[in-house]
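See below for the structure under consideration.
Quick note: the coordinates plus some simple rules give every number you see, no bench work behind them. Everything numeric here is computed off the predicted structure, so don't read it as measured data. Cβ atoms come from the backbone with ideal geometry, glycine included; neighbour counts cover every protein chain shown.
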Amino acid sequence: MDAVDIAVVGGGVVGALVAHEAAAAFPYATIAVLERGLIGQGASSRSAGVHFPRGATARVRSMTEHSHRVWARLAAELDLPIRALDATVVATGDADAVAATYLRLGEETAPADPARGWAAPPGARAWRLDGCHYADVQGVAGRVLAGLRDRASVLEGTEVTEVSSDGEHRLGLGGGRELVARRVVLVPGPWIAHPAWAALVAPLGLRVKKVVATHVEASPAPDDPLTIFHDEDAFLLPLHERGHFLFSYTCDRWDVAPDDVGLALERSDLDDARAVLGRFAPDLVALCDSGRVFCDAYSPRREPVVAELRPGLVFAGAAGGSGYRLAPAIAAEAVAALEPTPTRILSQPRQRQA
Ligand SMILES: Cc1cc2nc3c(=O)[nH]c(=O)nc-3n(C[C@H](O)[C@H](O)[C@H](O)COP(=O)(O)OP(=O)(O)OC[C@H]3O[C@@H](n4cnc5c(N)ncnc54)[C@H](O)[C@@H]3O)c2cc1C
């Protein structure tokens with residue numbers, strides 16, 4: 001194969017959803033997913049995989065609604081590794097702001113559970129939040145692409161080293177190999193500065209931030225909820241399959257590179273996580289001793305970005321730590337951005353090459 005209608009560069013969860021959406025939108029188009037490692041081994045492999053119906057802006061709330069519906073449908077259709085769970089939002093600030101941020105906020109509940117060693121800062125309030133789940137994100141990406149094998153070529157171990165455009169797009173694949181694509185979606189997760197597209201992506205003003213989640217060595221009870229600490233942009237997640245909790249907090253270390261950020265926690269990561277966790281669950285602090293580290297791309301507006309960089313060459317990403325939960329909506333926007341010309345070109349059976 002040396003020519004396709006649509007090339008998806010990056011085989012993380014967003015790339016997998018882009019391929020899925022493109023296959024549905026353009027039933028006759030030939031599609032290739034190009035991944036330099038294995039599917040889902042980038043940011044997707046470290047993800048906590050939490051979906052909660054939240055959005056700070058109208059666009060993100062709408063993306064959340066769309067993604068919520070798609071995940072529910074795909075979970076059933078593809079038997080995805082997704083687990084629904086109860087959730088509670090704890091906040092000390094303005095209750096109206098909380099209500100405006102979360103979709104499906106339920107009744108008010110107790111902000112602390114002393115039986116589990118939970119404290120709550122003075123003035124804290126809590127509400128039930130419906131519609132949450134968490135996923136094995138790498139597993140989801142793999143399963144989505146497994147379901148597409150008759151529609152899309154999935155080329156792992158294939159690094160795109162160069163992108164040049166002249167009506168069509170030539171993707172250098174190293175070792176003298178090349179793929180020509182009519183349309184390209186770049187879905188590189190935090191690899192925004194890869195030399196093949198750094199100059200094209202630079203005007204978007206994206207930055208890469210370290211993302212950290214610590215592991216808490218306590219066994220979750222079957223009905224333990226996800227607890228979202230709204231003011232801190234943090235959450236405590238029961239990871240039932242792994243037998244421990246995960247505590248995600250906001251790490252403020254910017255301008256890291258995915259190939260350099262390292263996979264080990266630094267002492268300061270643990271200290272920062274414990275300081276936040278200690279405000280709500282002091283008994284868990286001593287059990288917070290390990291975790292996972294990576295990074296993600298963020299946009300200046302803190303919303304995902306879908307942008308045409310050249311005619312027929314679309315960037316999709318900058319998910320800002322929400323790339324799992326918003327992947328279906330990002331994919332829908334990316335494929336819509338391919339629409340104007342390809343609807344005509346790509347929805348016709350492709351001429352077989354001699
Ligand atoms: C610790 C942690 C916790 C998180 N928790 C959550 C959460 O609870 N909920 C949530 O919604 N999000 C969460 N996120 C964010 C989420 O994981 C990411 O936003 C999401 O995985 C991004 O997916 P992606 O497909 O865009 O990127 P990636 O998964 O990074 O995929 C990009 C792929 O592109 C490939 N690639 C790069 N360069 C090239 C090249 N030149 N040629 C070919 N392939 C290339 C990479 O190998 C990689 O596989 C978390 C992230 C981290 C790190």
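When only alpha carbons are used to place a centre, the range 182-232 and the range 87-140 end up 22 Å from one another. Could you tell me the relative contact order of the range 161-308? Use alpha-carbon pairs under 8 Å, at least six residues apart, and round to a whole percent. 26 percent. A DSSP coil position with no more than 15 other Cβ atoms inside 10 Å describes the following trypsin sites (Lys or Arg not before Pro) in the range 295-331: R301, R302.
Normalised by the number of residues in the chain, the average gap of Cα pairs under 8 Å and 6 or more apart makes the relative contact order 24 percent.
If you take all other residues with their beta carbon under 9 Å from the beta carbon of V60, and give Lys and Arg +1 and Asp and Glu -1, the sum is +3. Sparse packing (at most 13 other Cβ atoms within 10 Å of the Cβ) combined with a DSSP loop state is found for the following trypsin sites (Lys or Arg not before Pro) in the range 66-170: R149. Between the beta carbons of A97 and T161, assuming R0 = 41 Å, the FRET efficiency works out to 0.35 to the nearest 0.05.
Among DSSP beta bridges lying fully in the chain, give the percent that are antiparallel, nearest 5. Around 70 percent of the beta bridges assigned by DSSP in the chain are antiparallel ones. Residues of the range 268-298 with an amide N closer than 12 Å to a point placed 7 Å from the Cα of E217 along the Cα-to-Cβ direction: 286-291.
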